[in-house]
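Trainee: I'd like to ask you about the structure that follows.
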Amino acid sequence: MRHLVFAYGTLRSGEVNDLAVHAESRGLPAPTTLGLARVPGRLVDFGGWPGLIDDGTLPGVLGEVFDVDASLLPLMDEIEEHEPEVDGCFVRRRITLQLDGKAIEAWYYPIDTRFRGDAVDIDHNDWIAYRQARDQASLAASGLT
């Protein structure tokens with residue numbers, strides 16, 4: 001069985017939890033990248049990863065849409081520390097989004113705001129661009145650039 005998944009943070013290509021890299025390391029079928037899309041909401045910064053607050057904010061959060069084998073869902077749950085039927089920061093939900101002008105249903109991992117803690121609001125809708133700029137600014141401030 002196949003599923004569509006929207007990834008907005010560390011599961012994206014080239015990021016620390018790159019889904020394709022994790023799948024290969026476990027001998028699981030590789031995801032297929034279908035393209036970029038947006039979902040309503042805004043990002044918060046937990047330091048090493050983002051959280052998506054599903055509050056309807058537009059233009060929304062940018063992410064990648066993957067076509068994945070069902071065997072990857074437990075792996076993504078593990079990476080996101082999501083356990084069905086257990087309260088935690090990340091929840092797995094279905095969302096309807098637009099991909100290439102077509103409405104599709106996909107899984108994604110917004111946060112349960114009760115677990116937000118001290119996460120900082122991000123004034124950006126793309127985690128990768130934000131993280132790169134944040135890290136570059138930190139290096140510049142430390143004199144390491």
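We did not get these values from a lab; they are worked out from the coordinates using the rules stated. Just so you know, these numbers come straight off a predicted model, no measurement behind them. Cβ sites come from the backbone with ideal geometry, for glycine too, and all protein chains shown count toward neighbours.
Trainee: Roughly how many debye, to the nearest 20, is the charge dipole of the chain about its Cα centre, given +1 on each Lys and Arg Cβ, -1 on each Asp and Glu Cβ, and no other charges?
Mentor: 320
Trainee: Compute the signed sum of charges (Lys and Arg +1, Asp and Glu -1) over the other residues within less than 12 Å, Cβ to Cβ, of Pro29.
Mentor: After counting each charged neighbour, the total is -1.
Trainee: For the chain, with a Gaussian network of springs between Cα atoms less than 10 Å apart, report the residue from Val61, Val120, Val39 with the top mean-square fluctuation.
Mentor: Val120
Trainee: On C-alpha positions alone, give me the angle between the axis of helix 127-142 and the longest principal axis of the chain, in degrees, nearest 10.
Mentor: 30
Trainee: Over every pair of different alpha-carbon atoms in the range 1-46, take the mean of 1/r and invert it; report that Kirkwood radius in Å.
Mentor: 12.0
Trainee: Loop-only GluC sites (Glu not before Pro) in the range 46-145, please: DSSP not H, G, I, E or B, and at most 14 other Cβ atoms within 10 Å.
Mentor: Glu81, Glu85
Trainee: Now, a different point. Eigenvalues of the Cα gyration tensor times 5, then square-rooted: what semi-axes does that give for the range 65-145, in whole angstrom, largest first?
Mentor: 29, 19, 13
Trainee: Okay, moving on. Quick one: what Rg and Dmax do you get for the range 2-137 from the alpha carbons, in Å?
Mentor: 14.1, 40
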